[in-house]
Amino acid sequence: MAWLGLYNYWIVVFLMIAGLYVVIARENLIKKLVGLNVFQASVFILYISMGKVDGGTAPIVAEGIEVYSNPLPHVLILTAIVVGVATTALGLALVVRINEAYGTIEDDELDEREREP
Amino acid sequence: MILPHLPALQVVVPLLAAPLCVVLRRNAAAYGIAFAASWAAFAISILLLVQVLGSPDGAISYEIGGWAPPWGIEYRVDALNAYVMLIVAAIGAVAITYAGPSVAREIDEPRRYLFYTSYMLCLSGLLGVTITGDAFNVFVFLEISSLSSYILISAGRGRRALTAAYRYLIFGTIGATFYLIGIGLLYQATGTLNMADLAQRIPALPGNRTVIAAFAFIAVGVGMKAAVFPLHVWLPNAYAYAPSVVSAFLAATATKVSIYVLLRVYLTIFGAEFSIANMGIGYVFMPFAIAAMFMGSAVAIFEPDAKRMLAYSSIAQIGYMVLGFGIATALGVTAGILHLFNHALMKGSMFLALGCVFYRTGAVTIELMHGLAARMPWTAAAFVGGGLGIIGVPLTAGFISKWYLVMAALERGWWWLAALILLSSLLAIAYVWRVVEAAYFRPAPAGAPAGEAPLPMLAATWALVAANVYFGIDTRLSVGVAERAAASLMGGGP
């Protein structure tokens, strides 16, 4: 029954697969970006949940508290969140320009229109 | 005063040049800053290589901010690092020299300073990936270089550059996130992110499932970034539709740095013994490398667009580098590292030559290159020079790396592999010949544009061609440092 205690990893795996599925299966470019975000969110949860210490509180120094959760994964994930935000912003900017250039943001329609000269 | 801080300056100089380019909005000022920063980075990389080759224990360790590792981030320069940084900075400097007229031809005036900003960010990101000794820092710089390369590619001709950049964004982000997952699992198992510290702690965890999972995740992640077959699908369009200087710069640096990460992770962090003997990573990568060698060359033979043809050729050449790693001996890794260096020179020169063609004629389809040798003799000759290197003709750098690769295959007694390497080199003759035939043996159509590209572009192209020939004759630097790097990676060196 130890696998019940590992519920955080089950959530990570579910989000990871769901995110990757959306990136591959959905044709709409914005939906692909959303899938990418879900995938990245699963990685954030992996890092943060691995840093939790039993009985530990948030890693901010305070009076009377002795057990803190590991602050390093939090720092790493702040960096990764920023990277994710930048990637999403860039992706959305590209989608705006693709829409201006092609008139569509569906991947299959883009393939058709690209084949036209 | 400066010399002890060279490792930090290697990254900081181009990194600070980027916001300077944005702040001083004038295109000429942005170009001047980018030019100065790129050549400064090249000079620093030469100094670092000299320092490393002269240092007693073969590596320079630099603590960022004075914080000692493993708590602080460490920049660790050894022979492999310094070698890859040398080629990245060299290509960066040559490409920025080329970029003056080329960018003026291909990118709208209001956006040029932004182009140079992205170029500086990409260069600093690539140099940062190479120099850092902290596994998470690799991810950060990898994403800096990747995001800026998406921007650079999207600046290219026509609307297909946008979809190419978008596709690269999706693939590249998934690849980097896989790498991030792997690093997270390693941190969970060992409690550290410093590469040297990881290398010490991982051997104490044999058979640990977390470590094995991390092994697999990082392999897929780095494979996507390095365009190892079958994770290469983003590369042809991205290189074909990017601006000329971007194609040359990225083709010669971005995938090379990812191959460097592959070597660093599997031979330094996990250790040669664990990766090769226990996990058999050589046997996993070798079939994909062989498939890449043949698939890339075969598709290149039928491509009508010359840049796309070179992109598929790059996939094949990356196959050679991964094959060197897959052979998993010191000689094989030497061959892989050597081909990394030589391919950057050869492919860089060919893409720059195509950029010269685009500058004058506005197209790079082979159909429109009839009679190019009469119209633009120096450019056509430069393309042939690079092409001879790709084929592996003696007296070019490509011959040296193919030679080492065949020797590595024979050293392990794999005659069939040596035969496959030579066979795929024959395919390269086919696709290089298509351009040579169009340029030299077909008459130019009436009224076709003629005249050479401007001097900075021609000089940069010929600098790489000359380097290609030079390193095909005098291999003391290229082979010497590659052998040192491979020796220290595989154990048995400093």
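The values are calculated or read from the model by the stated rules, or taken from the named source; none is laboratory data. A quick note: this is a predicted structure, and the numbers were derived from the prediction, not measured. Glycine also receives a Cβ, built like all others from the backbone with ideal geometry; neighbour counts cover every protein chain displayed. Heads up: the accessible areas ignore ligands, DNA and RNA and are worked out on the full protein's heavy atoms, side chains in. Shrake-Rupley method; radii C 1.70, N 1.55, O 1.52, S 1.80 Å.
A quick yes/no check of all residues on (1) open to solvent by less than 20 Å² (accessible area, probe 1.4 Å); (2) modelled with pLDDT under 90; (3) over 20 Å from the mean Cα position of the chain (by Cα); (4) closer than 25 Å to residue B:282 by Cα:
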residue: B:342; (1), (2), (3), (4): yes, no, no, yes
residue: B:345; (1), (2), (3), (4): yes, no, no, no
residue: B:350; (1), (2), (3), (4): yes, no, no, no
residue: B:359; (1), (2), (3), (4): no, no, yes, no
residue: B:376; (1), (2), (3), (4): yes, yes, yes, no
residue: B:386; (1), (2), (3), (4): yes, no, no, no
residue: B:401; (1), (2), (3), (4): yes, no, no, yes
residue: B:422; (1), (2), (3), (4): no, no, yes, yes
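Evaluate the following for residue B:73: is it surrounded by 19 or more Cβ atoms within 10 Å (Cβ to Cβ) and over 19 Å from the mean Cα position of the chain (by Cα)? Yes; evaluated as a whole, the condition is true for this residue. The residues of region B:361-372 that are part of a helix (DSSP H, G or I) and surrounded by fewer than 21 Cβ atoms within 10 Å (Cβ to Cβ), listed by number, are B:361, B:366, B:367, B:368. Within region A:73-92, residues that are under 20 Å from residue B:186 (Cβ atoms) and at the interface with another protein chain (Cβ under 7 Å from one of its Cβ atoms) have Cβ atoms under 7 Å from residues that are hydroxyl-bearing (Ser, Thr, Tyr) and surrounded by 21 or more Cβ atoms within 10 Å (Cβ to Cβ) in these pairs: A:76/A:47, counting only partners at least 6 apart in sequence or on another chain.
Evaluated against (1) over 26 Å from residue B:9 (Cβ atoms); (2) within 11 Å of chain A (Cβ to nearest Cβ), residue B:112 falls short on exactly one condition, (2). If the condition is being surrounded by fewer than 23 Cβ atoms within 10 Å (Cβ to Cβ), among the hydrophobic types (A, V, I, L, M, F, W, C) and at the interface with another protein chain (Cβ under 7 Å from one of its Cβ atoms), then region B:160-173 contributes only B:170.
Does at least one position in region B:437-456 carry a residue that is under 24 Å from the mean Cα position of the chain (by Cα) and either under 23 Å from residue B:348 (Cβ atoms) or open to solvent by less than 30 Å² (accessible area, probe 1.4 Å) (or both)? For region B:437-456, residues under 24 Å from the mean Cα position of the chain (by Cα) and either under 23 Å from residue B:348 (Cβ atoms) or open to solvent by less than 30 Å² (accessible area, probe 1.4 Å) (or both): present.
Taking the criterion of being buried (at least 21 other Cβ atoms within 10 Å of the Cβ) and among the polar types (S, T, N, Q), would at least one residue in region B:195-203 satisfy it? No; the residues of region B:195-203 include none that is buried (at least 21 other Cβ atoms within 10 Å of the Cβ) and among the polar types (S, T, N, Q).
Checking the condition among the aliphatic types (A, V, I, L, M), at pLDDT below 90 and over 26 Å from residue B:137 (Cα atoms), which residue from A:2, A:58 passes?
Numbers: A:58 fails: over 26 Å from residue B:137 (Cα atoms).
Being among the aliphatic types (A, V, I, L, M), at pLDDT below 90 and over 26 Å from residue B:137 (Cα atoms) holds for just one of A:2, A:58, which is A:2.
Of all residues in region A:25-59, those being facing chain B (nearest Cβ under 10 Å), of a type in the set (A, V, I, L, M) and more than 16 Å from residue A:10 (Cα to Cα) number 3. If only residues of region B:17-46 that are open to solvent by 40 Å² or more (accessible area, probe 1.4 Å) and free of Cβ contacts under 8 Å to residues at least 12 places away in the same chain are counted, the one that is farthest from residue B:88 (Cα to Cα) is B:23. With the structure loaded, tell me whether residue B:220 is open to solvent by 30 Å² or more (accessible area, probe 1.4 Å), within 10 Å of another protein chain (Cβ to nearest Cβ) and not aromatic (Phe, Trp, Tyr) or whether it fails that test. No, not satisfied.
The conditions of being of a type in the set (A, V, I, L, M), surrounded by fewer than 24 Cβ atoms within 10 Å (Cβ to Cβ) and modelled with pLDDT of 95 or more are not met by residue B:107. Restricting attention to region B:460-485 and to residues that are among the hydrophobic types (A, V, I, L, M, F, W, C) and surrounded by fewer than 16 Cβ atoms within 10 Å (Cβ to Cβ), the residue that is modelled with the highest pLDDT turns out to be B:466.
Within region B:425-433, is even one residue farther than 30 Å from residue B:359 by Cβ, touching a residue at least 60 places away in the same chain (Cβ under 8 Å) and among the polar types (S, T, N, Q)? Spell out the reasoning first.
In the first step, residues of region B:425-433 are kept if they are farther than 30 Å from residue B:359 by Cβ; the result is B:425-426.
Those left that are additionally touching a residue at least 60 places away in the same chain (Cβ under 8 Å): none.
No: region B:425-433 contains no residue that is farther than 30 Å from residue B:359 by Cβ, touching a residue at least 60 places away in the same chain (Cβ under 8 Å) and among the polar types (S, T, N, Q).
If you go through region B:21-44, how many residues are at pLDDT below 95 and of a type in the set (Ser, Thr, Tyr)? The qualifying residues number 1.
Under the condition of being surrounded by 19 or more Cβ atoms within 10 Å (Cβ to Cβ) and either touching a Pro at 6+ places or on another chain (Cβ under 6 Å) or not in a helix (DSSP H, G or I) (or both), the residues counted in region B:290-310 number 2.
Within region B:457-490, the set of residues being touching a helix residue (DSSP H, G or I) at 6+ places or on another chain (Cβ under 8 Å) and small (Gly, Ala, Ser) comprises B:459, B:460, B:463, B:467, B:472, B:478, B:482, B:485, B:486, B:487, B:488. Elements of the type helices (runs of 4 or more DSSP H) sitting completely within region A:18-115 and holding at least 3 residues that are open to solvent by 40 Å² or more (accessible area, probe 1.4 Å) and closer than 30 Å to residue A:6 by Cα: these cover A:29-50, A:71-102.
When residues in region B:132-159 are screened for being open to solvent by less than 10 Å² (accessible area, probe 1.4 Å) and at the interface with another protein chain (Cβ under 9 Å from one of its Cβ atoms), 4 of them pass. Does residue B:209 satisfy the criteria of being of a type in the set (Lys, Arg), free of Cβ contacts under 8 Å to residues at least 60 places away in the same chain and either within 14 Å of chain A (Cβ to nearest Cβ) or touching a Phe, Trp or Tyr at 6+ places or on another chain (Cβ under 6 Å) (or both)? Against the criterion (of a type in the set (Lys, Arg), free of Cβ contacts under 8 Å to residues at least 60 places away in the same chain and either within 14 Å of chain A (Cβ to nearest Cβ) or touching a Phe, Trp or Tyr at 6+ places or on another chain (Cβ under 6 Å) (or both)), residue B:209 qualifies.
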